[in-house]
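Only one structure is covered here, and it is reproduced in the block below.
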Amino acid sequence: MKSKLEVLDQAISTTTRDGVEYICITDIAKYKGNDRAAHIIGNWMRNRNTVEFLGIWEQLNNPDFKVLEFEDFKKEAGLNSFTLTAKQWIESTNSIGIISKAGRYGGTYAQKDIAFEFASWISVEFKLYLIKEFQRLKEQEYEQLGWDIKRNLAKVNYLIHTDAIQTHLVPDALSKQQISAIYATEADLLNVALFGETAKQWREGHPEQKGNMRDHANVHQLVCLANLEAMNAHFIQQGLTQSERITQLNQLAIQQMNVLLKASDRLLPEGD
């Protein structure tokens, strides 16, 4: 997840510890008063309902939670004299639902369920927008993860592809520069078969873009590219010439992209 959420013009930091995602409730509190964040969190934590909620969450999720210390806090919660800070709660109960960070991005952070509960105490409207923004960013994460998996698959298959080139196309006496030239030629064979242009032609046509044409490919193209790399390695092993291979690879690319695009259309919800 990116380091900040944007909710009703309020920037909210996030962090991850031991695989658990935390949201900065200090930033959430700033929605009500930028200079009173610690005081606002303190008022929330001294509330009896809050103490009970925190205790139940810890008992469900934290096997090392100190229940006896929690019971002491629960007995006092709600009294006019009762106060509780995040630091006291963490140190006394061995809490994992709330953590404290020092430094530039310091503050009090809470696991998302607890952070949403705090946001509800601050403002129901703010809580709803926070949940919506959190879910939107998680969906972006999953989409990026899917893209990364396909991109890495293409890279792994490229290793198979280059190994076939080394074994069947590269004579032992070639220099490193000549070997690199052959690899570049073979890479562009795939580029032309799928994208219709070489890497150089793409760079000249997209001077404002960073990376290469494969970095800007969509998921369908990356899946197809991974398949073409494996097939080209197979064609090389069979002894096919470049002209024979590019013809077959281009036909495969057209066929596979049509199949992938039709499958994608079928999966789209009605009305989209």
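The values are calculated or read from the model by the stated rules, or taken from the named source; none is laboratory data. Given the structure is predicted, the values throughout are model-derived calculations rather than measurements. Quick reminder, even Gly has a Cβ in these numbers, built from the backbone with ideal geometry, and neighbours come from all protein chains shown. With ligands, DNA and RNA removed, areas are computed over all heavy atoms of the protein, side chains included. Shrake-Rupley method; radii C 1.70, N 1.55, O 1.52, S 1.80 Å.
May I ask you to say which residue of 66, 32, 112 is in contact (Cβ under 8 Å) with a residue 40 or more places away in the chain, open to solvent by 70 Å² or more (accessible area, probe 1.4 Å) and of a type outside the set (Phe, Trp, Tyr)?
Every option except 32 fails the conditions.
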ask   = In region 76-103, which residue that is in contact (Cβ under 8 Å) with a residue 40 or more places away in the chain and among the hydroxyl-bearing types (Ser, Thr, Tyr) is farthest from residue 43 (Cα to Cα)?
value = 95
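Can you tell me how many residues in region 14-29 are buried (at least 19 other Cβ atoms within 10 Å of the Cβ) and among the small types (Gly, Ala, Ser)?
So the first thing to find is which residues in region 14-29 are buried (at least 19 other Cβ atoms within 10 Å of the Cβ), and the list is 14, 22-29.
Imposing the further condition that a residue be among the small types (Gly, Ala, Ser) reduces the set to 29.
Selection size over region 14-29: 1.
Of all the residues that make up region 1-24, how many are in a strand (DSSP E or B) and at pLDDT 75 or above? Give the derivation first.
First, the residues of region 1-24 that are in a strand (DSSP E or B): 4-7, 10-17, 20-24.
Restricting the remaining residues to those that are at pLDDT 75 or above gives 5-7, 10-17, 20-24.
The qualifying residues number 16.
Got a number for residues in region 72-97 being open to solvent by less than 60 Å² (accessible area, probe 1.4 Å) and over 23 Å from residue 132 (Cβ atoms)? Spell out the reasoning first.
Of the residues in region 72-97, the ones open to solvent by less than 60 Å² (accessible area, probe 1.4 Å) are 73-74, 77-78, 82, 84, 86, 89-90, 92-93, 95, 97.
The next check asks that each one be over 23 Å from residue 132 (Cβ atoms); those that pass are 73-74, 77-78, 82, 84, 86, 89-90, 92-93, 95.
Number satisfying all stated conditions: 12.
Restricting attention to region 98-107, and to residues there that are open to solvent by less than 90 Å² (accessible area, probe 1.4 Å) and in a loop (DSSP other than H, G, I, E, B), which single residue is farthest from residue 26 (Cα to Cα)? I'd like the intermediate steps shown before the answer.
Taking region 98-107 and keeping what is open to solvent by less than 90 Å² (accessible area, probe 1.4 Å), we get 98-101, 103, 106-107.
Filter once more, keeping what is in a loop (DSSP other than H, G, I, E, B): 103, 106.
Details: 103: 14, 106: 9 Å.
The selected residue is 103.
Please tell me if residue 95 is of a type in the set (Gly, Ala, Ser), modelled with pLDDT of 90 or more and over 23 Å from residue 32 (Cβ atoms). Talk me through it step by step, then tell me what you get.
Numbers: of a type in the set (Gly, Ala, Ser): yes; modelled with pLDDT of 90 or more: yes; over 23 Å from residue 32 (Cβ atoms): yes.
Here the answer is yes, as residue 95 does meet what is asked.
In the set 118, 82, which member is assigned to a helix (DSSP H, G or I) and modelled with pLDDT of 65 or more?
Numbers: 82 fails: assigned to a helix (DSSP H, G or I).
Exactly one of 118, 82 is assigned to a helix (DSSP H, G or I) and modelled with pLDDT of 65 or more, namely 118.
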task = Please specify each residue of region 197-218 satisfying the condition of being open to solvent by less than 60 Å² (accessible area, probe 1.4 Å) and closer than 20 Å to residue 249 by Cα.
result = 197, 198, 199, 202, 213, 214, 217
inquiry  = among the charged types (D, E, K, R), over 30 Å from residue 34 (Cα atoms) and at pLDDT below 75: which single residue out of 188, 148, 215 fits that description?
reply    = 148
query = Of 6, 58, which residue is touching an Asp or Glu at 6+ places or on another chain (Cβ under 7 Å) and acidic (Asp, Glu)?
reply = 6
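Does residue 40 satisfy being among the β-branched types (Val, Ile, Thr) and surrounded by 12 or more Cβ atoms within 10 Å (Cβ to Cβ)? Quick ask: steps written out before the conclusion?
Details: among the β-branched types (Val, Ile, Thr): yes; surrounded by 12 or more Cβ atoms within 10 Å (Cβ to Cβ): yes.
Considered against the rule, which asks whether it is among the β-branched types (Val, Ile, Thr) and surrounded by 12 or more Cβ atoms within 10 Å (Cβ to Cβ), residue 40 comes out as yes.
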